[in-house]
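Beneath this line is the structure, given in structure tokens, with notes to follow.
The values are calculated or read from the model by the stated rules, or taken from the named source; none is laboratory data. Note that this is a predicted model, so its numbers are computed, not measured. No Cβ is skipped: glycine too gets one built from the backbone with ideal geometry, and neighbour counts run over all protein chains shown. Surface areas here come from the heavy atoms of the whole protein model, side chains and all, with no ligands, DNA or RNA. Shrake-Rupley method; radii C 1.70, N 1.55, O 1.52, S 1.80 Å.
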Amino acid sequence: MKKLPYGISNYEELIEDNYYYVDKTPYIEKLENLAEKRIMFLRPRKFGKTLFTSTIENYYDIQKEDKFEELYKDTYIGKHPTKLKNRYHILRFNFSGIDTENVETTMRGFKEKVSISIDGFAKRYHIDFYTNPELTPEGLLRSLIEAFKMQKANEKIYVIIDEYDHFANELLGFSPNKFRELVSKNGRVRKWYEVLKEGTETVIDRIFITGVAPITLDSLTSGFNIGSDITMDEKFNEMLGFTEAELKTLMENQMISKEKQAEILPIMKENYDGYKFSLYAQEKIYNSNMCLYFLKDYVRLGRIPERLVDMNIASDYSKIGKMLDLCKGENRQEIIEKTVSGEGILVEIVEKFNPAMEFGETELVSMLYYLGYLTISEEKLGKAELIIPNKVMREIYSEYFMNILNKATDMEIENREYNEILQETALEGRIDKIVEVLQKYLKNLSNRDYQRFDEKYVKLIFYCIAMNLKIYTVKSELEVEREYPDIVLIPRDKSKGYQAIMVEFKYLKKSEENKVEEKQKEAKEQIERYLSTEEMRDIEKMNAYTVVAVNDNIKVEKIK
């Protein structure tokens, strides 16, 4: 049994210290076999990009040839080495962690990152080179290329750039104008990439660039011809993250029995799976960091962790508001409503973002895909239908929606109220308190002449309140024998005897108040059909309700 590599992003350390490695080295061969030598590959944060770039770095590093057997003997590439193994001088840049308070601090951080990488490269490969602090980032890179040409005749450089867009994404979320200043036609970042392009004509043979989104790609490629962006190529869909087969093999290595795997895999699937990065990919991918976090605690504690998401990962993804705020008005609201309520959004994903553009719905939805807040469900008419990939992402959306709602209504659910809701639902199977809170929101919105009321919106508020009841798995439009109950709350821990809840919603305008009984009857008939299905019969302690909202007043009827 090997150690779990949670938080380990250095391949050499991982192998030498006996950590488990999910073998992604077949993709080294696939990348090398591409006709293009300059590759861009994007994935959301916490998907293993840095470890993969480290794997490439150690494989191609000319100074690691004597360690090849030790590092790769148990991998695919160790048994099928390519002709270019250990052939390059590796020049690696990582642009994460730059202070983006303003343009000056950003450029200072960018220059420091460039200087550190260049200085380390020169020392490692014994190049006589002075890292002149007076030079600009592009000046430093140009000087290094010239020194390498003179001192390393007939030898080549492999450039690896990790998190190429990290500081740009941060700036875009906080200060779009400063972002444009850096990556526009005369921006300093663009000039640096122009020098990188010049280097490909002489000593730079290959480039591999990773990041999250093509947010600077338009500017970058205006000055630098990348051979191929393989982000949405189905052949590379599984290059990062874990497939289910890889996850099962990892659990076997951790001595987790088949019976225990059957218990925890559905939890991991619901929370961490669901990612698909190509229209035509056949398999969905698990977020690898989230899986490792879960398994680390599961192996250590011998039980399912109370907290299913690492706070570090959650804080990374909680920045959704910064991106959604780029899109103003109704578009943003509609996107939130559609996605949280389970609807897909049909879009032609933007593959390059122009810094001068305005963020409309298409650009925003595309950005949410790159950041991992949405993922491809299926292909329709040549476009991608995007949905929320899993429960973790759905909770983040729900939290953001509730923040918007709280601002709109000048109210907030207190911990005391959540405790009362939990007490009623879990122990008594009642929804009185949650309906009381729902009605407060509706009345406050109504007082502000809010015009968005409909069944979907009422259900959305109820759903987001329920998502904060952490003991439940909240299902919206759960498919049950071709029927779709509006909301079902299923206790996560069946052993504690908590009550399950099913709710069917209807909505009427004030002028239609005379139709309440008709709508209640319609909802009751639907509930009875749902309850008669085998899947619903198997859920113990199921309570069922109809909820009919008449403008901002709510009528509740208990069916079971």
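Return the whole-Å distance between the Cα centroid of the range 22-86 and the Cα centroid of the range 347-414. If we compute the Cα centre of each part, the gap is 33 Å. Residues in the range 485-492 carry Karplus couplings, in order, of x, 4, 9, 10, 9, 10, x, 5 Hz; the curve used is 6.51 cos²θ - 1.76 cosθ + 1.60 with θ = phi - 60°, and Gly or Pro positions show x.
Extension gain for E16 to V299 (0.36 nm times residue separation, less C-alpha to C-alpha distance): 99.7 nm.
Here the range 428-560 carries DSSP beta bridges of which approximately 60% are antiparallel, counting only pairs with both residues inside. Name the residue from L71, M411, N468 whose Cα lies farthest towards the positive end of the charge dipole of the chain, charges +1 on Cβ of Lys and Arg and -1 on Cβ of Asp and Glu. So the residue we want is L71.
Pairs K269/K443; K197/K380; K46/K111; K296/K380; K83/K152: which are spaced more than 32 Å apart, C-alpha to C-alpha? With Cα atoms farther than 32 Å apart: K269/K443; K197/K380; K296/K380. The charge dipole of the chain, taken about the Cα centre with unit charges on the Cβ atoms of Lys, Arg (+1) and Asp, Glu (-1), comes to about 500 debye, rounded to the nearest 20. For the chain, build the charge dipole from Cβ charges (+1 Lys, Arg; -1 Asp, Glu) around the Cα centre, then report which of M268, L346, N86 sits farthest towards its positive end. With unit charges placed on the Cβ atoms, the residue in question is N86.
Residues whose amide H falls under 5 Å from that of I431, counting only those 5 or more places apart or on a different chain, are absent, with hydrogens built in the peptide plane.
Potential lengthening of the chain between K521 and E69 amounts to 155.5 nm, from the contour at 0.36 nm per residue minus the alpha-carbon distance.
Relative to the present Cα-Cα distance, how much length would full extension add between S341 and L84 at 0.36 nm per residue of separation?
On the way: separation 257, 0.36 × 257 = 92.52 nm, distance 4.99 nm.
This chain segment gains 87.5 nm when fully extended.
In this label model, R307 and S532 are separated by 4.7 nm, measuring between points 7 Å along each Cα→Cβ vector. Here's the picture: charge each Lys and Arg Cβ at +1 and each Asp and Glu Cβ at -1 in the chain, and of Y6, G382, I62 the one pushed furthest to the positive end of that dipole is I62.
When only Cα pairs below 8 angstrom with a gap of at least 6 residues are kept, the range 12-123 shows a relative contact order of 24 percent. Applying the Kirkwood pairwise sum to the alpha-carbon positions of the chain produces a hydrodynamic radius of 26.0 angstrom.
Of K284/K558; K407/K459; K3/K475; K510/K558, which sit over 29 Å apart, Cα to Cα? In this structure, K284/K558; K3/K475 lie more than 29 Å apart at Cα. How large is Rg/Rh for the range 66-171, to two decimals, with Cα atoms and a Kirkwood Rh? On the Cα set of the range 66-171, Rg over Rh gives 1.06. In the context of the full set of protein chains, the chain has a per residue accessible area of 44 Å² (1.4 Å probe).
Between K494 and E101, the modelled labels are 5.5 nm apart [label points 7 Å from Cα along Cα→Cβ]. Placing S398, S511 in order of accessible area, with the largest value first and a 1.4 Å probe, yields S511, S398.
For the range 269-280, putting each phi into the Karplus relation 6.51 cos²θ - 1.76 cosθ + 1.60 with θ = phi - 60° gives couplings of 5, 5, 9, 10, 8, x, 8, 9, 10, 9, 4, 10 Hz, in residue order, rounded to whole numbers and with x for Gly and Pro. Compared with the rule-of-thumb size 2.2 N^0.38 Å for a compact globular protein, the range 415-560 has a Cα radius of gyration ratio of 1.02. Label separation (Y484 vs E417): 2.9 nm, computed from points 7 Å beyond Cα along the C-beta direction. DSSP assigns beta bridges within the chain; of those with both partners inside it, close to 45 percent run antiparallel. Under 5 Å from the amide H of N86 lie the amide H atoms of Y60, D61, each residue being 5 or more positions distant or on a separate chain, with H modelled from the backbone and absent for Pro and chain starts. Between the range 247-317 and the range 484-560, the alpha-carbon centres lie 32 Å apart.
Whole-Hz Karplus values for the range 43-54 come out as 8, x, 4, 6, 10, x, 5, 5, 5, 5, 5, 5 Hz, taken residue by residue from phi with 6.51 cos²θ - 1.76 cosθ + 1.60 and θ = phi - 60°; glycine and proline positions read x.
Protein-only accessible surface at a 1.4 angstrom probe places the residues R87, R300, R188 in the order R300, R87, R188, largest first.
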